[in-house]
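Structure first, commentary second.
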Ligand code: G4P
């Protein structure tokens, strides 16, 4: 089979062996279970059950609070590194809850591929579809794992059709399931001509694998009852006729997704999927930047911040910025230039996230994620280089869909509140707007749960009770244009103007009609619902 690592001989071997990816799925499809099995087979944990507590799908508000207390865990779960065969996998966690979609979108800027997990009984669900669209925008290669095949699931062709139709991507079967539900025996590995049998007795044991000479191999009949074997042969023949063959290039371009059928909880199909990630997902890709793209094999080190987590230890107000290395070979203690402020930064205590523990990163290569503890200098979207003024582009910030005004319970504490809110804004947890008229702040989020989480965090971390109330505005749009034009617009629309946490001008309103009118009457400016993070 084609091995993508051999596609780019110019890459140093340490970079060529890296696979940096995220898992996208609808809550409950089995992302946590699959992650756990990855770590188990990657040797990063000794037994299953260590990651379970981190499942994000069923988190209630109180779980969130607990998570905040337990920041260490959620941070180490943000990026996990482990070896699998000759590969080094970097699995970047995407928050499962739909309320945190913005964070998720940004996470997807830091990976080179995605694994899409779907539930065999439910097919493509809403959250999967949304996340898929983001991957599509970035032409990310996608590998699909159809999970829970040990339960009653849909017909295999039906599942494949649904993916092809709903997501407009071609699907090629990497394996074909044998039997369904209680009769699920395993799968026929269509890439390697192997029979994989599921072991129901031991959930952490890898399936037995039997090498075959194709579907006519007599060994098959020793393990698969005649009736099921006949169906398997028929279906595989039909699949080979009707569905596109595996084409590594089409996978890399994001036009074709290979699908494996398995059961994460029974460790079934997981190793084959991991082999697939190694062989079919790309090595670290170039990073889009201005004024030029960054190639991973460049000798000089560069990287960008895609996530910031603050107050991991409330006593120290420290933060960790997650940096995706775009190029080079990083070594601990290196001095890098913080491009936004043009200041040098010595990276003396970077952390690498090895599954359950944080470890000091002595070295890292393009494709890796390192955590940099800092006191607020590093923001989402920042680029670090060895001196060149280069800026990574394409890290989006979305207009919040929900706005509320925020006041401190104690009016004397307004300054404290401003500090707390700014900190969360930098973390990317919320947008904070200061209206040109009036007092107080307007906080914008993408999902309603975030108000609650924010309120609790401000109280917990800053000892500051706050109130969120309905705001007079419901929409926010960034105003772009020549400085003179923007200034003129601001003066004429003071009641609607606010500044965001970066000082950029925002137009706020209740009515879509207002937005349409502004667009019509002011051709010299544009209103946008996203802005790139600075
Ligand atoms: P998520 O992170 O995508 O939200 O999903 P998670 O792994 O937490 O899995 C959701 C539920 O599905 C869990 O059950 C999990 O045990 C189950 N599950 C995962 N993979 C499989 C599989 O291959 N087959 C079957 N039958 N079930 C699977 P739960 O009852 O919600 O939690 P728990 O009691 O098992 O912890």
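Derivation of every value follows stated rules applied to the coordinates shown; laboratory data play no part. Treat the numbers as computed from the prediction; the structure is a model and nothing was measured. All Cβ positions, glycine included, derive from the backbone under ideal geometry; neighbour counts span all protein chains shown.
Rounded to whole Å, the principal axis extents of the Cα atoms in the chain read 81, 50, 45, largest first.
The rule of thumb for compact globular proteins, 2.2 N^0.38 Å, goes into the C-alpha radius of gyration of region 200-279 1.28 times. Can you work out the base-10 log of I(q)/I(0) for region 98-202 at q = 0.18 1/Å, using the Debye formula on its C-alpha atoms alone? Ignoring solvent entirely, the Cα scatterers give -0.94.
When the P(r) of region 289-392 is calculated, the portion above 21 Å amounts to 27% of the C-alpha pairs.
P(r) tail, region 482-534: Cα-Cα pairs separated by more than 18 Å, 28% of all pairs. The value of relative contact order for region 289-392, using C-alpha pairs under 8 Å at least six residues apart, is 36 percent.
Ordering 146, 406 from the fewest to the most neighbouring beta carbons within 10 Å gives 406, 146. From largest to smallest, the equivalent ellipsoid semi-axes obtained for region 141-229 from the alpha-carbon gyration tensor read 23, 16, 13 Å. From largest to smallest, the equivalent ellipsoid semi-axes obtained for region 348-476 from the alpha-carbon gyration tensor read 33, 18, 14 Å. Take 157-166, 507-516, 84-93 and order them by the average number of nearby Cβ atoms within 10 Å per residue, most first; the result is 84-93, 157-166, 507-516. First check a/c for region 451-518, with a ≥ b ≥ c the square roots of the eigenvalues of its C-alpha gyration tensor; if it is under 1.5, answer rounded, and if not, answer prolate when a/b is larger than b/c or oblate otherwise. Verdict is prolate for region 451-518.
Expressed in Å, the radius of gyration and Dmax of the Cα atoms of region 402-528 are 15.1, 46. Counting only Cα atoms, region 366-407 measures 42, 24, 21 Å along its principal axes, largest extent leading. Size descriptors for region 142-295: radius of gyration and Dmax over Cα atoms are 16.8, 63 Å.
Over region 177-241, all Cα pairs binned in 10 Å intervals from 0 give whole-percent P(r) values of 21, 58, 20, 1, listed from short to long. Spread over its residues, the convex hull of the C-alpha atoms of region 207-356 is 199 Å³ per residue.
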